[in-house]
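Input: a single structure, listed below in structure tokens.
The values are calculated or read from the model by the stated rules, or taken from the named source; none is laboratory data. Worth saying up front: this structure is predicted, and the values here are computed from it rather than measured. Positions of Cβ are backbone-derived with ideal geometry, glycine not excepted, and every protein chain shown enters the neighbour counts.
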Amino acid sequence: MGGTGILGGTFNPVHNGHLRHAIEVAEALGLDRVLLMPCATPPHKESAGLLSFELRVRLLRSAVQGISFLGVETLEGELEGPSYTWRTLGEWGRRHQGEPLPYFMMGAESFAALDTWKHGLELPHFAHLVMVPRNGDDGSVFHESVRTFWPGSIPADSDVPLARETVRLVGGGECTFLPVPRLDISSTFIRARWRSGRSLAGLLPEAELAVLKKHAEEVSACWATARVR
């Protein structure tokens, strides 16, 4: 298939769950590369407890070392104002004219809430959406969301359990339901362990952990009280 995948997030911090997510989707879709794109200014989250954009980029770059098809995209750091996904993907398209649309990865919760995002239902004009469900999701959230947001894209009687499915949307674009193995790790969990002084071995790449320790004073001050996801 080829092409580029994009995995966005605050990455506060990035962890092995994010990396496996990117790797599994890249291999399942046959992508040439996946770019991890940190959010610069989250529009719906408080900035307290969020490491600086520059430090999160450093952590990301250390985390992807040695994985040839993973990279870091800092586009949102160049844009002013809140980091709205529709604006970011629109700018990506302008900078990569002539290239195929990227594959934008989303969790089931985010996919089901697209109607609450700023211009969220317009995202398929800028990227193919890839919904990665939690373990045990039979595809019902995917079907229900597509029927609600883009009526007529899925027949009403299509409710069989899904292994994988790509739907061409009424109005253009496509969405893919892609169940892949996931590691049950969260940034919230990692920050809690950091605050309590517990080991993060196995949760983060060693190179990234070294960067965190180098900036331990800044990290501890930032993560002292806030619980940004």
Check your understanding: Among the residues of segment 37-61, which ones are among the basic types (Lys, Arg) and over 21 Å from residue 16 (Cβ atoms)?
Key -> 45
Point to revise | segment 1-49, residues that are charged (D, E, K, R) and assigned to a helix (DSSP H, G or I) | key: 20, 24, 27
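Do we have residue 160 as buried (at least 18 other Cβ atoms within 10 Å of the Cβ), farther than 22 Å from residue 65 by Cβ and modelled with pLDDT under 95 here?
Details: buried (at least 18 other Cβ atoms within 10 Å of the Cβ): no; farther than 22 Å from residue 65 by Cβ: yes; modelled with pLDDT under 95: yes.
For residue 160, the condition - buried (at least 18 other Cβ atoms within 10 Å of the Cβ), farther than 22 Å from residue 65 by Cβ and modelled with pLDDT under 95 - is not met.
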Exercise for review: Would you mind stating whether residue 68 is within 27 Å of residue 176 (Cα to Cα) and of a type in the set (Ser, Thr, Tyr)?
Suggested key: yes
